[in-house]
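First up is the structure itself, then whatever we jot down about it.
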Amino acid sequence: MTMAAVQIERRPNSRRGLRGMDRIYELAQPKESKCIWLTSFGPNMVWGNQEPMWPIPPGALKSAATPRLESLSEPKRNLIGGLNRPAFVYSCGRESVILKVSPFAKQASATGRVDYLSNHKRPPTEFKEDRREHTFSCGRQSPIWNVTDPARKAAERERIESLARPKTPHREFLPAREIETKVSKAAMSSSATPRLEHLARPKSRPDGPFREPMWPVSKSARVATATPRQIELAKAKSVSDGYLPARTIEWPVSKAARKSVATPRTDELSRPIIRATMDHVQFNPDAFIVSEAAKKARCSARIEELSQPLQR
């Protein structure tokens, strides 16, 4: 059997026209093998199950584990000492402290070394600060620096008062309207006028059909004649003067053209130019012969000037 004789059954495209749960059920099916018996390799496997690739022999199922395998199968010893930290301790939802502090640690007194390490770093002796440290920190006060007594007792000026006033809105400014419009009591207790009731009625339309599909034509319409203006307007739009329609792809050749004879000049121009091949040119012994006139020629002053080497 040859490869051409093997016919692969193609699965119809079931994706077309499937939506919703039908499409989900189709995607949930395990993957099918695309190989055939002629190109398959290894055992027949089904995707999506827990079966092993190769069958386990009965001897392996009944064999006993070696001491090495038993030592490797033992779990790793817990060196923390029975303390199992929950997963949320090191996650985003951890508590205020990473580990619980024992009551003995809370009652213990710090050593001299711990007290020394807990002291904050002090600036050098030559350092001069302009403002206090808490001014630009999280615990700064409302003013950035202390206000002097003369500044507190200074009199106010008109310019300072005008600058201290908040900006007022425009005179024609209208605030945002409320989403829910309140209806006044007068509007709720009012009664509609006869004109409003007349306008509130829906438009009445008679039931169709309004006209028969065929109706008689009057005698005057049948005897009427069109005016010159109507005849002029009824004419189709014509093309401009000198317009030539598109030429056809194939057109007949005239008899005179078929019986014509080319002139000698036309025959001469129709002949291709024949040049010698490079095989003949490179073996031509007279290709580099200098003529006698070229040997006796004298170059001009400009050529002698250009032939001089460039002085650097």
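The values are calculated or read from the model by the stated rules, or taken from the named source; none is laboratory data. Note that the structure is a prediction, hence the values are computed from the model and not measured. Remember, those area values only see protein heavy atoms, side chains included, never the ligands or the DNA or RNA. Shrake-Rupley method; radii C 1.70, N 1.55, O 1.52, S 1.80 Å.
State yes or no: is S142 assigned to a helix (DSSP H, G or I), at negative phi and either open to solvent by 90 Å² or more (accessible area, probe 1.4 Å) or at pLDDT 85 or above (or both)? Outline the logic, then answer.
Details: assigned to a helix (DSSP H, G or I): no; at negative phi: yes; either open to solvent by 90 Å² or more (accessible area, probe 1.4 Å) or at pLDDT 85 or above (or both): yes.
Here the answer is no, as S142 does not meet what is asked.
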- Mind checking which residues of region 157-207 are open to solvent by 90 Å² or more (accessible area, probe 1.4 Å) and in a helix (DSSP H, G or I)? E158, R159, L163, K185, M188, S189, P194, R195, L196, E197, H198, L199
